[in-house]
Amino acid sequence: PRYGVVPGVVVQALAAESLLQDRAIKRTGFAATLAGILLIALILYPRPLKRPWRYAAGCVLVVAAILGTPILAQQLWSVSIDSAAWLFTALSAIAVQAGVEARRRLRLREEFDADSGLPNRSKLEKDLGAIKVADPVLVTAAIERFEPIRDAIGLAATHEMIRKAAEAIGQVVGRPVYRIAPDILAWATGGDDAAVQVEVKRVQFALREPIVTHAGPVDVALTLGLARGEGAVAGVLIIEQALSAISTARLTGKSREWFRGTDPQIRRQLSMMSELREAMDRGRLRLAYQAKIQLSTGRIADAEALIRWVVAKGASISPEELI
């Protein structure tokens, strides 16, 4: 009933061994098989792995035990363990774990920076949507002179510098620090404007000391942009606002600045290049000559040729904007 049609020589061998050992081998039954399945499932259940090598070592030990236990048990007792179900359970659990680990690694690639190991912009956008603080403040910190630093110390040391800078910031703010661009770190905080200002001052003070890398110490200077997510401001929008605040701080020569709305002058400058091309095509650029008088003779000696951009009703764009 267990093996189907058995060759005669096997029957003779089994009978001979039963007579020689003076014992009849009996099956352990369904209860033992079920208990083994539950135990294996408990040991090898799929889960996120911090140390995959430990799980791999456990799989090897479990499979070895499944293969060796029936042999040892039959030597010690008159029992035959049906280990096929155990082996199938173990292999199934390993296959499911491999799938879970593959999905976890894909998620890590999507949400974490491969070079520094820090959470990236995608992760920040998700976390901003789930943050429980009312009107959170996003702080973005741009590392000044990033490209010269990278060229001087190399990529490996640059990534080390980024990690250590993020660690220093994290120790001050007590929150996750994200890398949302090669040279920009960010973190979310809360509280009134005064409390936030105190926190960013502490961050800047913490980075006054050089960051030590394997390529040598590096002085890290930060320019900070801050934006408050009032109401139902989307994560993408508050990030763009904080990044815009960095640009404003740089233009005004400050080390930090709040987002105070888009400057109409900046928007104007973004469209002026296309408008200038159109003005050239339509002949709206005019020459103006500024006479230069020679003081010794009091006569016009030559002239400076200037360009003027004429717009509607004879008005003109100021030379400062045009240049």
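The values are calculated or read from the model by the stated rules, or taken from the named source; none is laboratory data. Quick caveat, the model's predicted, so the values are computed rather than measured. Methodologically, a virtual Cβ is constructed for each residue, glycine included, from the backbone with ideal geometry; neighbour enumeration extends over all protein chains shown. The area values use the complete protein model at the heavy-atom level, side chains included, leaving out ligands, DNA and RNA. Shrake-Rupley method; radii C 1.70, N 1.55, O 1.52, S 1.80 Å.
Checked against the criterion of being in contact with a helix residue (DSSP H, G or I) (Cβ under 8 Å, 6 or more places away or on another chain), open to solvent by less than 50 Å² (accessible area, probe 1.4 Å) and modelled with pLDDT of 85 or more, segment 102-112 contains not a single residue that satisfies it. For residue 33, the test of being polar (S, T, N, Q) and open to solvent by less than 50 Å² (accessible area, probe 1.4 Å) is passed. Can you tell me how many residues within segment 134-170 are open to solvent by 80 Å² or more (accessible area, probe 1.4 Å) and either among the aromatic types (Phe, Trp, Tyr) or under 19 Å from the mean Cα position of the chain (by Cα) (or both)? Matching residues across segment 134-170 total 3.
Within the bounds of segment 240-249, is there any residue that is on the phi < 0 side of the Ramachandran plot, under 22 Å from the mean Cα position of the chain (by Cα), open to solvent by less than 10 Å² (accessible area, probe 1.4 Å) and not small (Gly, Ala, Ser)? Yes. Pairing each residue of segment 138-159 that is closer than 27 Å to residue 127 by Cβ with any residue that is of a type in the set (D, E, K, R) and open to solvent by 10 Å² or more (accessible area, probe 1.4 Å), provided the two are 6+ apart or on different chains, yields C-beta distances under 7 Å for 142/183; 143/183; 146/183; 158/150; 159/115.
Of the residues making up segment 64-115, those that are among the aromatic types (Phe, Trp, Tyr) and either closer than 30 Å to residue 150 by Cβ or touching a residue at least 12 places away in the same chain (Cβ under 8 Å) (or both) number 2. Of all residues in segment 210-228, none satisfies being open to solvent by 60 Å² or more (accessible area, probe 1.4 Å) and assigned to a helix (DSSP H, G or I). Looking across 65, 98, 90, one residue alone is loosely packed, with under 15 Cβ neighbours inside 10 Å and either of a type in the set (A, V, I, L, M) or at pLDDT 90 or above (or both). It is 98. In segment 73-87, the residue that is modelled with the highest pLDDT out of those that are in a helix (DSSP H, G or I) and open to solvent by 50 Å² or more (accessible area, probe 1.4 Å) is 87.
Here residue 47 meets the list (1) touching a residue at least 24 places away in the same chain (Cβ under 8 Å); (2) open to solvent by less than 100 Å² (accessible area, probe 1.4 Å); (3) over 30 Å from residue 106 (Cβ atoms) almost entirely, failing just condition (3).
If you go through segment 171-196 and keep only what is assigned to a helix (DSSP H, G or I) and surrounded by 14 or more Cβ atoms within 10 Å (Cβ to Cβ), you end up with 172, 173, 196.
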